[in-house]
1. Give the dimensionless ratio obtained when the Cα radius of gyration of the chain is divided by 2.2 N^0.38 Å.
2. Where does each of 83-96, 8-21 land if you order them by average Cβ count within 10 Å, highest first?
3. For each of 23, 56, count neighbouring Cβ atoms within 10 Å of the residue's Cβ, then give the residues from fewest to most.
4. Can you list the HN-Hα couplings for the range 95-100, worked out from phi with the Karplus curve (6.51, -1.76, 1.60; θ = phi - 60°), rounded to whole Hz and with x for Gly and Pro?
Amino acid sequence: MIVRIWHGWTTPENADEYERLLTDEIFAEIAEKTAEGYRGYSVGRREDDDEVEFVTIMRFGSYEAVESFVGEDYEQAHVPDSAREVLERWDDRVKHYEVRDEERY
């Protein structure tokens, strides 16, 4: 399994809207585009004074599944226009990791 980790930051006023976009629209679009290679996501949110940081962790079955989502330059961040409207800043590049071990409860 491959995990794709990305960070974005927004204002406290826009944080709920960004989280809604992620969970209601953006991840649904990704799941539809990648079909069976997509394995789901996790979203972390951290309030820090005048900004809110989000981390997204997406799971894919293979690097080929990641490429079906974003293309050959799979480390390029996918930030739709709707997200750019409410984010203040974001990582332009994404990090990928092979999951070597995992414990589930």
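1. Details: Rg = 13.8 Å, N = 105, 2.2 N^0.38 = 12.9 Å.
Dividing the Cα radius of gyration by 2.2 N^0.38 Å gives 1.07.
2. Numbers: 83-96: 13.7, 8-21: 16.2.
Result, highest mean first: 8-21, 83-96.
3. Fewest to most other Cβ atoms nearby, the residues stand as 23, 56.
4. 9, 10, 9, 7, 6, 9
Readers should treat all values here as calculations from the given coordinates under stated rules, not as data from a laboratory. A quick note: this is a predicted structure, and the numbers were derived from the prediction, not measured. Note that we place each Cβ from the backbone using ideal geometry, even for glycine, and neighbour counts take in every protein chain shown.
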